[in-house]
Every structure is written in C-alpha cells, then in structure tokens.
1. Test G107 against the stated conditions and say whether it is at pLDDT below 95 and either surrounded by fewer than 12 Cβ atoms within 10 Å (Cβ to Cβ) or of a type in the set (G, A, S) (or both).
2. Applying the selection to the stretch 26-57, what residues are surrounded by 15 or more Cβ atoms within 10 Å (Cβ to Cβ), modelled with pLDDT of 90 or more and part of a loop (DSSP other than H, G, I, E, B)?
3. Could you give every pair whose Cβ atoms fall below 6 Å, whose first residue belongs to the stretch 96-108 and is closer than 12 Å to E80 by Cα, and whose second residue is among the small types (G, A, S), counting only separations of at least 6 or pairs across chains?
4. Determine if the stretch 70-78 includes at least one residue that is within 20 Å of N8 (Cβ to Cβ), surrounded by 15 or more Cβ atoms within 10 Å (Cβ to Cβ) and modelled with pLDDT of 95 or more.
5. Please identify the pairs in which a residue from the stretch 1-19 that is part of a loop (DSSP other than H, G, I, E, B) has its Cβ atom under 6 Å from the Cβ atom of a residue that is at pLDDT below 95, counting only partners at least 6 apart or on another chain.
6. For residues that are among the charged types (D, E, K, R) and under 14 Å from the mean Cα position of the chain (by Cα), scanning just the stretch 80-97, find the one that is modelled with the lowest pLDDT.
7. Quick one: count up the residues across the stretch 88-104 that are crowded, with 16+ Cβ neighbours inside 10 Å and either more than 15 Å from Q45 (Cα to Cα) or in contact with a helix residue (DSSP H, G or I) (Cβ under 8 Å, 6 or more places away or on another chain) (or both).
8. In the stretch 4-19, which residues are surrounded by 15 or more Cβ atoms within 10 Å (Cβ to Cβ) and farther than 18 Å from P87 by Cα?
Amino acid sequence: MNWHSLRNLRQSSDNEIFADVRVGPDSGWFSGHFPGKPILPGIAQLAMVSDAIRQAEGKDLSISSIKKIRFRQPVKPDDELKIVVTPVRGEIYSFCIRLKGETACSGTISMKPVLEIGN
C-alpha cells in the first residue's frame, strides 16, 4: 500500500538526502488518529524518513533505533512536507521534516541492513 508520495528524491554530493512528501487524506493513518481532527501519527513520520533513506541508499534497510525525536507541530492530510536527512556516521542519520518552513519533526534515526532468513 502506497500511503504517501515521495517526490523529488535527491542526494547531494555530501550525501544529504532531500525529498518532498505528501500524505493524502484517504490514508489509513488518519482514520483513527483522531476522528474529526486527523493528524499523522509519529510512527508514520518516521516511516517516511526511513523510506527516503532506503530509496536514496538503494539498500534494504530497517530502523534499528531512534533518538532525540521531537514532534513540534501536527501534520494534517495533504500537508506538503520536506524531508532533509544528514548522515552523521555509519548507519546513523539526523533528520528534519519541515512543514511550511518550520520544523514539524526532527531527531536521529539509525538504520541497519535487513537480514535475510537463512543467511
């Protein structure tokens, strides 16, 4: 299920990752969070960051840890977001999700390769 659209995914020469993203009002994330005043749950925002990293790196990665997460403003249906991910070291990335030029969410996310069963 494609519940969000990552657009203009690009990586700079210093490996910073940039993407534009939008979550449509028909996304299942909004159905129970919260009736009458839908906002995008934090776990969905982290999933968007993870998707941007996986696509930019071209690797099958999963979240291994998250730290220093700050949710500063609610994300509503059809909001246009900008994701900026900066490599810190190894598999650790700093990220910021921006909404109308302001930080909506920021923190640090660690990604690790997905292990295949039998290996």
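The values are calculated or read from the model by the stated rules, or taken from the named source; none is laboratory data. What you see is a predicted model; the values in this text were computed from it and never measured. Every residue, glycine as well, gets a Cβ built from its backbone with ideal geometry; the counts of neighbours run over all protein chains shown.
1. On the way: at pLDDT below 95: no; either surrounded by fewer than 12 Cβ atoms within 10 Å (Cβ to Cβ) or of a type in the set (G, A, S) (or both): yes.
Against the criterion (at pLDDT below 95 and either surrounded by fewer than 12 Cβ atoms within 10 Å (Cβ to Cβ) or of a type in the set (G, A, S) (or both)), G107 does not qualify.
2. Of everything in the stretch 26-57, those that are surrounded by 15 or more Cβ atoms within 10 Å (Cβ to Cβ), modelled with pLDDT of 90 or more and part of a loop (DSSP other than H, G, I, E, B) turn out to be P38, I39, L40, P41.
3. These pairs meet every condition: I97/A104.
4. Initially, the stretch 70-78 is screened for residues within 20 Å of N8 (Cβ to Cβ), giving 75, 78.
With surrounded by 15 or more Cβ atoms within 10 Å (Cβ to Cβ) added as a condition, the list becomes 75.
Cutting the leftovers down to modelled with pLDDT of 95 or more gives us 75.
Scanning the stretch 70-78, I find at least one residue that is within 20 Å of N8 (Cβ to Cβ), surrounded by 15 or more Cβ atoms within 10 Å (Cβ to Cβ) and modelled with pLDDT of 95 or more, so the answer is yes.
5. W3/S27; H4/V23
6. Going residue by residue through the stretch 80-97, those that are among the charged types (D, E, K, R) are 80, 82, 89, 91.
Remaining after also requiring under 14 Å from the mean Cα position of the chain (by Cα): 80, 82.
Details: E80: 95, K82: 98.
For the stretch 80-97, the residue satisfying everything is E80.
7. 5
8. To start, the set of residues in the stretch 4-19 that are surrounded by 15 or more Cβ atoms within 10 Å (Cβ to Cβ) comprises 4, 6, 9, 11, 16-19.
Once the filter is applied, which keeps residues that are surrounded by 15 or more Cβ atoms within 10 Å (Cβ to Cβ) and farther than 18 Å from P87 by Cα, the stretch 4-19 yields H4, L6.
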